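> This is the structure, below, for whatever I ask next.
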Amino acid sequence: MKVINFGSLNLDYVYQVKTIAQPGETVPCDTMTRFPGGKGANQSVALARAGISVWHAGLLGADGEWMRRLLGDAGIDIRFVQISETWPSGHAIIQVDARGMNSIIVYGGANQHIPHSFIAQVLAEAQEGDWLVLQNEINLTPELIKAGKAAGMKICFNPAPFTADVLDFPLDCVDVFILNEIEAAGLARRPEGTDVDDLAEELQDAFPESMICITLGADGAVCRSPETGLVRQNAFATRVVDTTAAGDTFTGFFLAEIAQHASVQTALELACRAAALAISRPGAIPSIPTRQEVADFTA
Ligand code: RIB
């Protein structure tokens with residue numbers, strides 16, 4: 001069994017600010033650091049550091065060659081990380097405030113120009129029972145969901161960032177949803193702030209065969225599936241430095257456990273521990289812990 005993650009690759013420009021700039025406001029910033037990131041790449045690194053065999057597929061610009069090498073060095077199969085001759089790499093502008101909270105804008109770049117022919121090329125290597133991991137930062141996500149299912153793969157979808165067109169994707173093909181509270185409310189067509197147990201129940205009614213996992217930041221996570229009903233996990237207390245990629249770290253570690261048939265409770269606990277470590281460190285990919293670090297972690 002392997003995981004193919006068809007997902008975004010971004011260069012993250014992280015600006016350390018006292019407070020995140022509000023509309024009409026200009027805020028000073030003394031520190032800017034460039035990190036490797038992108039929800040797709042972050043999740044691939046988390047899967048690899050959790051010990052899973054992962055292939056990443058995606059498109060960088062020529063300015064992202066260094067990131068391709070970095071993913072290879074992280075133990076990820078990069079045969080399908082290609083370099084666009086036309087488009088620059090995607091990038092993100094991330095403000096991180098004194099409490100470690102962030103605000104992100106993402107320029108899609110090459111991530112939004114993946115050619116249709118790339119799908120068949122990558123999925124030709126898929127075997128029945130392999131997992132396909134997708135987020136919402138590349139073009140062709142609905143096509144990939146359908147093609148992955150047709151190839152006999154299991155689909156894990158993290159609809160981040162959430163956009164209204166996600167509701168038109170072939171969501172019945174999704175085996176595991178990983179959502180934050182905003183994404184869960186969007187998917188359930190409910191207002192933000194709706195009680196999370198209600199959201200989980202409504203989403204389970206809408207997707208009766210799927211696993212619905214909802215991350216809750218400082219409140220941990222819940223997961224609902226037809227086999228287990230609702231399972232809860234508290235977060236692990238830690239010093240908050242930068243929350244960027246905490247959700248991606250959670251996704252990688254959670255799916256690594258589920259793909260190896262661990263119990264939902266075990267998967268939630270490991271993923272919450274890994275996310276706690278990620279938020280105690282700066283940046284996206286550099287903040288993602290190894291399985292050993294997660295095992296050694298004490299809150
Ligand atoms: O989830 C965090 C990621 O979102 C960042 O690495 C940034 O690139 C954006 O994709």
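> Semi-axes of the equivalent ellipsoid of the range 208-299: what are they in whole Å, largest first, if each equals the square root of 5 times a C-alpha gyration tensor eigenvalue? Show your work: numbers first, answer last.
Details: eigenvalues 100, 33, 26 Å².
For the range 208-299, the semi-axes come out at 22, 13, 11 Å.
> May I ask for the net charge around residue 29, where only other residues with Cβ less than 12 Å from the Cβ of residue 29 are counted and Lys, Arg are +1 while Asp, Glu are -1?
Numbers: positive: 18; negative: 30, 97.
Net of charged neighbours comes to -1.
> By accessible area of protein heavy atoms, probe 1.4 Å, what ranking do 19, 251, 33 get, highest first?
Details: 19 80, 251 5, 33 55 Å².
Accessible-area ranking of 19, 251, 33, largest first: 19, 33, 251.
> Can you pull the Rg over Rh of the range 55-170, Cα-only, Kirkwood?
The Rg/Rh ratio comes out at 0.98.
> For the chain, how many pairs of lysine residues have a Cα-Cα distance under 25 Å, where the two are 8 or more positions apart or belong to different chains?
For the chain, qualifying lysine pairs total 9.
> Here is a follow-up. When 1/r is averaged over all different Cα pairs and the result inverted, which Kirkwood radius in Å belongs to the range 29-101?
Details: mean 1/r = 0.0743 Å⁻¹.
So the Kirkwood estimate lands at 13.5 Å.
> Roll a 1.4 Å probe over the protein heavy atoms and report the accessible area of residue 87 in Å², nearest 10.
Near enough 100 Å² of accessible area.
> Also, I was wondering about something else. Mind listing the phi-derived Karplus ³J(HN,Hα) values for the range 10-19, rounded to whole Hz, using 6.51, -1.76 and 1.60 with θ = phi - 60°, and x for any glycine or proline?
Running phi through 6.51 cos²θ - 1.76 cosθ + 1.60 with θ = phi - 60° gives 10, 8, 9, 9, 9, 10, 7, 10, 5, 9 Hz.
> Based on the Cβ-Cβ distance from residue 237 to residue 192, what FRET efficiency comes out when R0 is 25 Å, to the nearest 0.05?
Working: r = 25 Å, r/R0 = 1.01.
Between residue 237 and residue 192 the formula returns 0.50.
> Pairing rule first: another cysteine's C-beta must sit under 4.7 Å. Under that rule, which cysteines of the chain stay single?
Flagged as lacking a Cys partner: 29, 156, 173, 272.
> Take 154, 2 and sort them by solvent-accessible surface of the protein heavy atoms, 1.4 Å probe, largest at the top.
Putting 154, 2 in descending order of accessible area: 154, 2.
> So which GluC sites (Glu not before Pro) in the range 169-223 pass both tests, a DSSP loop state and at most 11 other Cβ atoms within 10 Å of the Cβ?
Values: sites: 181, 183, 192, 201, 202, 209; in loops: 192, 209.
Sparse-neighbourhood loop GluC sites (Glu not before Pro): 192, 209.
> Something else: In the range 95-179, which GluC sites (Glu not before Pro) are in a loop and have at most 14 other Cβ atoms within 10 Å, using DSSP for the loop call? Display every interim value, and only then the final one.
Numbers: sites: 125, 128, 137, 143; in loops: 125, 128, 137.
Taking the range 95-179 and a limit of 14 other Cβ atoms within 10 Å, the loop GluC sites (Glu not before Pro) found are 128.
> At q = 0.17 Å⁻¹, what base-10 log of I(q)/I(0) does the Debye formula yield for the range 175-227 when every alpha carbon is treated as an equal point scatterer in vacuo?
So the normalised log intensities are -0.42.
> In the full protein assembly as shown, how much of residue 106 is accessible to a 1.4 Å probe, in Å² to the nearest 10?
Taking all protein chains as shown, residue 106 has close to 70 Å².
> Continuing with this model, one more query. Please compute the per residue accessible area over the range 59-193 with all protein chains in place, 1.4 Å probe, rounded to a whole number of Å².
Numbers: 6110 Å² over 135 residues.
With the other protein chains kept in place, the range 59-193 gives 45 Å² per residue.
> Could you work out the helix-only [θ] at 222 nm for the chain, with each DSSP H run of four or more residues adding -39,500 (n - 2.57) and the total divided by the number of residues, to the nearest 500 deg cm²/dmol? Can you show the working numbers first?
Working: 9 runs with 91 residues, N = 299.
Taken over the chain, the calculation gives -9000 deg cm²/dmol.
> Considering the chain as a Gaussian network with a 10 Å cut-off on Cα pairs, which listed residue, 90, 193, 51, attains the greatest mean-square fluctuation?
Taking springs between Cα atoms under 10 Å, the residue moving most is 193.
> In whole percent, and with a 1.4 Å probe on the protein chains, what portion of the accessible area of the range 207-299 is carbon and sulfur? Don't skip to the answer; put the middle values down first.
Working: 1900 of 3770 Å².
C and S fraction of accessible area: 51 percent.
> May I pose another question? Where Rh denotes the Kirkwood radius from the mean inverse Cα pair distance, what is Rg over Rh for the chain? Could the numbers behind the result be given before it?
On the way: Rg = 17.9 Å, Rh = 19.1 Å.
With Rg and the Kirkwood Rh in hand, the quotient comes to 0.94.
> How do 56, 261 stack up against each other in accessible area, from largest to smallest, with a 1.4 angstrom probe? Show your work: numbers first, answer last.
On the way: 56 0, 261 155 Å².
Of 56, 261, the descending order of accessible area is 261, 56.
> Find, to one decimal place in angstroms, the Kirkwood hydrodynamic radius of the range 123-272, where the mean of 1/r is taken over every pair of different Cα atoms and then inverted. Don't skip to the end; give the middle numbers.
On the way: mean 1/r = 0.0641 Å⁻¹.
For the range 123-272, the Kirkwood estimate is 15.6 Å.
The values are calculated or read from the model by the stated rules, or taken from the named source; none is laboratory data. Values in this document were obtained by computation on a predicted structure and should not be read as measured data. Virtual Cβ from ideal backbone geometry, glycine too; neighbours counted across all protein chains shown. Protein only, heavy atoms only, side chains kept; ligands, DNA and RNA dropped before computing areas. Shrake-Rupley method; radii C 1.70, N 1.55, O 1.52, S 1.80 Å.
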